[in-house]
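The values are calculated or read from the model by the stated rules, or taken from the named source; none is laboratory data. Owing to the predicted nature of the structure, the values given are computational and were not obtained by experimental measurement. FYI the Cβ positions are ideal-geometry reconstructions off the backbone, even for glycines, and counts take in every protein chain you see.
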Amino acid sequence: MKINQLALAHSEIVSNTRMQNHKILGGLARTFAIAAAAIALPAQPVRAFTDNQARVLPFPTQTVSTIPSNGDVNPYGVAFVPEGFPTGGKLNPGDLLVSNFNDNNNIQGTGTTIIDISSSGQMSVFFAGTAPLGLSTGLAVLKAGFVLVANCPTNNQTPVAGAAAGSLLLIDFNGNLVNTFTSNEIQGPWDFSVYDQGGKVWVFVSNAITGTVSRLELVFNAGNFSIKSEATIASNYTHRVDPVTFEVAPTGSAFDSQTGILYVASTGDNAVYAVPNALTVRGSHGKGTIIYADQVHLHGALAMVFGPNGDLLVSNSDGINPDPNQPSEIVEFTVTGQFVGEISVDPNTGGAFGLKATRVINNTFRFAAVDDNANTITIWTLNSGL
């Protein structure tokens, strides 16, 4: 791992709201720079803390293998088990789940496992599905006590195998498959994000085959979820089968429940878009409005999450607009399109993919990112006042 060009690039003139959001850490990029120094990794100089900024040290860093006993590789999806998750099953609050996309022969779209990493770093298999599966980047732990994962299997076509229609798998907290969702709105689910209200969950699915984003409304009844409604809410994103990356398509998304905006990272367009009224719209907004298309720092935008400061964090595939000086980058930027900072998770290209951020008890903040070159995941635990 190396840290690359890690510097704070926020404008000094920001709104009072953003000033409040940033005054503690001044952006996650600075935090990662400090973490890098703590583990003796090179980092670019960053601004010193001022008196009104809360201390973030200490922050333990764990790097754990994601290869289960069956040899699955290529970790994609990442999800934390939240505080308040129902007890009595295999999962505990603070655990981290990772889905594998490849099998032990490293064939894309054939991975069948989800691993569970405890807060102490112990790894075990949470779910072992039955082939054919290809568990992709969409992975979420639901408040009702379930895990939802995207299944984007290979279509086994030659010369290049892309995605089959696939499904969403609903798994209980003991690792048992309880439901399989298929639909015309699920067409190669490459990633998804959720808006989880317990008894009702909205799932925003990025489809590799159609280059669309669909909204599924799931409702909980009699111990299970079912699809209540579905719609295509965004479309026309660049999408194609790719011999190296399997699919180039819309990937990560992040929903802001306060504004109703869904942010979508489109790998082939190398840009991030804002789709308004994502929870209620009945038809497609097209791609939405472009908010970030930084050709200096973006290299095939992939998975995406909100940080605790309101910024967006996006991983990069290096299959689009590659730069050998910026391999396997995770980029931080504001929702108004200002670059903040970046971090490399691997010295070689193609290592960055799934990532997740969460706030836990006592204002602790945890951030996790996979390196699918090394088949590992790194977890940063930040002791902050965010």
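So how many residues does the stretch 125-144 have that are basic (Lys, Arg) and either under 16 Å from Val305 (Cα atoms) or crowded, with 19+ Cβ neighbours inside 10 Å (or both)? Break it down into steps so the answer makes sense when it comes.
Keep residues of the stretch 125-144 that are basic (Lys, Arg), which gives 143.
Subsequent filtering for residues that are either under 16 Å from Val305 (Cα atoms) or crowded, with 19+ Cβ neighbours inside 10 Å (or both) retains none.
Selection size over the stretch 125-144: 0.
Listed conditions (1) in contact with a Pro (Cβ under 7 Å, 6 or more places away or on another chain); (2) part of a loop (DSSP other than H, G, I, E, B) are all met by Gly354, apart from (2).
I'd like the full set of residues that are of a type in the set (Asp, Glu) and modelled with pLDDT of 95 or more, limited to the stretch 288-317. Across the stretch 288-317, the qualifying residue is only Asp294. Entry remark, the stretch 57-80: residues being part of a loop (DSSP other than H, G, I, E, B) and either basic (Lys, Arg) or surrounded by 21 or more Cβ atoms within 10 Å (Cβ to Cβ) (or both) number 3 in total. From the set of residues in the stretch 236-262 that are farther than 20 Å from Trp202 by Cβ and hydroxyl-bearing (Ser, Thr, Tyr), which is nearest to the chain's Cα centre (by Cα)? It comes out as Thr245. So which residues in the stretch 337-348 are touching a strand residue (DSSP E or B) at 6+ places or on another chain (Cβ under 9 Å) and not in a strand (DSSP E or B)? Selection gives Gly337, Gln338, Val345, Asp346, Pro347. Taking every residue in the stretch 262-287 that is at pLDDT below 95 and pairing it with any residue that is among the aromatic types (Phe, Trp, Tyr), at least 6 positions away or on another chain, the pairs with Cβ-Cβ distances below 9 Å are His285/Tyr273. Taking the conditions exactly as written (of a type outside the set (Ser, Thr, Tyr) and under 19 Å from Leu262 (Cα atoms)), does Gln338 satisfy them or not? It is true that Gln338 is of a type outside the set (Ser, Thr, Tyr) and under 19 Å from Leu262 (Cα atoms).
Restricting Asn100, Asn104 to those that are in contact with a Gly (Cβ under 6 Å, 6 or more places away or on another chain), within 18 Å of Phe192 (Cβ to Cβ), free of Cβ contacts under 8 Å to residues at least 60 places away in the same chain and not hydroxyl-bearing (Ser, Thr, Tyr) reduces the list to Asn100. When restricted to residues that are in a loop (DSSP other than H, G, I, E, B) and closer than 19 Å to Asn373 by Cα, the stretch 82-111 contains 8.
A count restricted to the stretch 112-146 and to residues that are closer than 22 Å to Ile209 by Cα and not in a loop (DSSP other than H, G, I, E, B) stands at 6. In the condition set (1) crowded, with 22+ Cβ neighbours inside 10 Å; (2) touching a residue at least 60 places away in the same chain (Cβ under 8 Å); (3) of a type outside the set (Ser, Thr, Tyr), Phe220 is compliant with all but (1). Is it true that some residue in the stretch 318-336 is at pLDDT 95 or above, assigned to a loop (DSSP other than H, G, I, E, B) and under 20 Å from Thr61 (Cα atoms)? Within the stretch 318-336, one or more residues are at pLDDT 95 or above, assigned to a loop (DSSP other than H, G, I, E, B) and under 20 Å from Thr61 (Cα atoms). Is one or more of the residues making up the stretch 335-343 within 14 Å of the chain's Cα centre (by Cα), crowded, with 24+ Cβ neighbours inside 10 Å and either within 20 Å of Trp380 (Cβ to Cβ) or of a type in the set (Val, Ile, Thr) (or both)? Taking every residue of the stretch 335-343 in turn, none turns out to be within 14 Å of the chain's Cα centre (by Cα), crowded, with 24+ Cβ neighbours inside 10 Å and either within 20 Å of Trp380 (Cβ to Cβ) or of a type in the set (Val, Ile, Thr) (or both). Residues in the stretch 237-272 that are surrounded by 24 or more Cβ atoms within 10 Å (Cβ to Cβ) and of a type in the set (Val, Ile, Thr): Val248, Thr251, Val264, Thr267, Val272.
Per the listing Ile233, Ile209, the residue uniquely more than 19 Å from the chain's Cα centre (by Cα), surrounded by fewer than 24 Cβ atoms within 10 Å (Cβ to Cβ) and not hydroxyl-bearing (Ser, Thr, Tyr) is Ile209. No other residue among Gly283, Gly268 is out of contact with any helix residue (DSSP H, G or I) (no Cβ under 8 Å at 6 or more places or on another chain) and under 19 Å from Ile186 (Cβ atoms) apart from Gly283.
Reported count of residues in the stretch 96-111, each being among the β-branched types (Val, Ile, Thr) and surrounded by fewer than 24 Cβ atoms within 10 Å (Cβ to Cβ), is 2. If you go through the stretch 227-249 and keep only what is within 27 Å of Asn155 (Cβ to Cβ) and of a type in the set (Gly, Ala, Ser), you end up with Ala231, Ala234, Ser235, Ala249.
Candidates in the stretch 278-317 are the residues that are under 20 Å from the mean Cα position of the chain (by Cα), hydroxyl-bearing (Ser, Thr, Tyr) and outside any loop (DSSP other than H, G, I, E, B); of these, the one that is surrounded by the fewest Cβ atoms within 10 Å (Cβ to Cβ) is Tyr292. For Val275, the stated conditions do not hold, so it cannot be described as within 22 Å of Gly354 (Cα to Cα), in contact with a Phe, Trp or Tyr (Cβ under 6 Å, 6 or more places away or on another chain) and crowded, with 24+ Cβ neighbours inside 10 Å. Is at least one residue of the stretch 239-249 modelled with pLDDT of 95 or more, assigned to a strand (DSSP E or B), basic (Lys, Arg) and more than 28 Å from Asn176 (Cα to Cα)? There is at least one residue in the stretch 239-249 that is modelled with pLDDT of 95 or more, assigned to a strand (DSSP E or B), basic (Lys, Arg) and more than 28 Å from Asn176 (Cα to Cα).
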